[in-house]
1. Using alpha-carbon pairs under 8 Å, 6+ residues apart, how would you state the relative contact order of the chain in percent?
2. Does anyone have the angle between helix 65-75 and the longest principal axis of the chain? Alpha-carbon axes, 0 to 90°, nearest 10?
3. For the chain, take the longest principal axis of its alpha carbons; what is the angle in degrees between that and the long axis of helix 24-40, to the nearest 10 within 0 to 90?
């Protein structure tokens, strides 16, 4: 990432594998720690987007209301 940033890139998209958990609080804590590690590695000045994807349990396009609601709560 440092090398690419030296070439002028200022942002990166990072695909995150979905976690098999319904505990969003724990997952948010993992994201916070990840962000701290980027800062420790002197990469905190870059911008990042994440793509968490969907799972069977968290699918906002599901025909099943309960799955859609779970997905929306997860994505918020």
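1. On the way: 63 pairs, mean separation 24.8, N = 76.
After rounding, I find 33 percent.
2. That helix lies at roughly 20 degrees to the long axis.
3. Helix 24-40 sits roughly 10 degrees off the main axis of the chain.
Rule-based calculations on the coordinates, nothing more; no lab input. These figures come from a predicted structure and were not determined experimentally.
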